[in-house]
Every structure is written in C-alpha cells, then in structure tokens.
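A short write-up of the structure that comes next.
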Amino acid sequence: MSGAIYLRPSQRPDRYPNGGDEAYWIARISDKLEEDLGARGIACVKDRAGSAFEGCGLCLYLCSHSAPEEVAAKIKGAQVSYYEYSPSGRRAAEIFTRHVKSAYPQPDLVDMAPTAARKELSESKAPALLIQLGYHDNPQDEAWLVNSAGEIAAALAAAAADFMGVEP
C-alpha cells in the first residue's frame with residue numbers, strides 16, 4: 001500500500017469570520033480530495049485524530065493559517081511546508097506548491113517553506129507536507145477556501161498524482 005496517501009485534515013475549531021470553522025471547511029476540502037484521489041486510483045487513508053499511517057507513500061496535513069493578532073485579517077497567502085532534511089519531501093513540496101499556485105487567486109502569495117520544527121513532518125517515514133490553505137481570518141482567503149473547495153481539492157489531487165507518477 002505504498003501508493004496510499006495519508007490525509008489528516010485539521011480539527012481546529014478556529015472560527016471563520018462569515019461562519020463555520022477550520023475543521024468544517026478543511027473537512028469539506030479533504031472529503032472532495034479523497035473522492036478525487038479515489039477517481040485516480042490512489043488509495044487514501046484519512047485520519048482525524050491519530051498518528052501517521054505507516055504504509056503510506058505521502059502524508060498530507062491540511063489546515064489554514066492563523067495570523068498573529070496584531071496582523072489578523074491583514075495578511076493572506078498559502079504555504080506548503082516540508083521537513084527540511086527530506087529530499088523527497090522537498091520534491092513533493094515543489095510539486096504541491098506549483099499546483100496550489102494554479103488554484104490560488106494570487107499565485108505570488110503561495111510559498112514553500114522548509115522546517116525542522118514540525119513533529120508531524122520530521123517523524124514521518126514517508127514524505128510529509130503541511131499545507132496551509134490561506135489565512136482563515138482574512139476575508140479574501142476565507143472566501144477562496146469556502147467557495148473553491150472543489151478546485152482546491154482538484155489541485156491537491158493533481159499534485160498527489162504528479163508526485164506519485166499516476167496518470168491523470
């Protein structure tokens with residue numbers, strides 16, 4: 001089952017300004033992503049509260065940014081983080097960043113960030129990414145997340161297929 005994707009959507013109750021919370025909206029995206037992956041023949045193991053799935057080929061953690069209080073609602077953009085000492089994690093981050101840029105309204109605000117500080121990335125046996133899909137306290141990012149769940153999921157599924165060498 002090395003071709004499976006481990007998917008862990010955020011369960012944070014951070015409120016969105018116009019309704020719902022991070023757990024609700026990220027779950028909508030991850031449900032659609034799971035469906036899109038299945039249509040491509042890619043197995044998906046979704047976990048809402050456990051540890052990383054040992055037999056996966058790629059681990060994806062989905063959430064949205066939370067801005068510091070002093071700049072709340074003033075910054076926006078998406079970010080793909082990976083474990084800085086993982087060459088395959090970097091390769092996955094490059095692919096996912098490219099695909100997220102294709103879906104995000106301002107591609108220049110999508111970046112890739114290496115880190116050694118995130119336990120879920122550093123302890124994963126498979127390449128792992130933390131994908132922060134916009135700032136949920138920014139009205140434009142919130143609108144994109146809420147209104148583009150299908151498009152976001154399609155971009156993530158295309159990135160996963162690209163990384164895993166699966167034909168579209």
Subject >> Projected-area average for the chain over all orientations - Cα convex hull basis, square nanometres >> reply: 8.8
Subject >> Given charges at Cβ of Lys, Arg, Asp, Glu: the stretch 6-161 dipole, positive-most of P68, V100, Y6 >> reply: Y6
Subject >> Anchor K119: lysines whose Cα lies under 22 Å away (excluding residues fewer than 8 positions away in-chain) >> reply: K46
Original post:
Given labels modelled 7 Å from the Cα in the Cβ direction, how far is it in nm from A73 to A117?
Top reply: 2.7
Original post:
Where is the GNM fluctuation largest for the chain (alpha-carbon springs, 10 angstrom cutoff): G77, G38, G150?
Top reply: G38
Subject >> With Cα atoms, 0 to 90° folded angle of helix 87-103 axis to the chain main axis >> reply: 50
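Quick one: with all protein chains in place, what share of the accessible area of the stretch 78-149 is carbon or sulfur, to the nearest percent (1.4 Å probe)?
48
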**OP:** Could you work out how far helix 149-164 tilts from the main Cα principal axis of the chain, as a 0 to 90 degree angle to the nearest 10?
**Re:** 30
**OP:** For the stretch 40-128, just the Cα set please: Rg and Dmax, both in angstrom.
**Re:** 14.2, 45
Subject >> Estimated FRET transfer efficiency when R0 is 25 angstrom, pair R40-K125 (beta carbons, to 0.05) >> reply: 0.60
Original post:
Over what distance in Å are the Cα centres of the stretch 4-34 and the stretch 95-168 separated?
Top reply: 13
**OP:** Using only Cα atoms, tell me the angle between helix 22-39 and the longest principal axis of the chain; keep it within 0 to 90° and round to the nearest 10.
**Re:** 30
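Given contacts defined as C-alpha pairs under 8 Å and at least six residues apart, what's the relative contact order of the stretch 36-168, whole-number percent?
Result for the stretch 36-168 is 35 percent.
Where does the chain land at 222 nm, in deg cm²/dmol rounded to the nearest 500, when only DSSP H runs of n ≥ 4 count, each adding -39500 (n - 2.57), divided by all residues? Mind showing how you got there, number by number?
Working: 5 runs with 64 residues, N = 168.
Computed ellipticity for the chain at 222 nm equals -12000 deg cm²/dmol.
Where only protein heavy atoms count, and the probe is 1.4 Å, what is the accessible area per residue for the chain in Å²?
47
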Original post:
Which one of D36, D47, D141 has the biggest mean-square fluctuation once the chain is modelled by GNM with Cα springs under 10 Å?
Top reply: D47
Subject >> GNM top mover of I75, I131, I29 - the chain, alpha-carbon springs below 10 Å >> reply: I75
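The values are calculated or read from the model by the stated rules, or taken from the named source; none is laboratory data. Every value quoted in this text rests on a predicted model; they were computed, and no experiment measured them. Here Cβ is always computed from backbone atoms with ideal geometry, including for glycine, and neighbour counts include all displayed protein chains. These area figures cover heavy atoms from the full protein model, side chains too; ligands, DNA and RNA do not enter into them. Shrake-Rupley method; radii C 1.70, N 1.55, O 1.52, S 1.80 Å.
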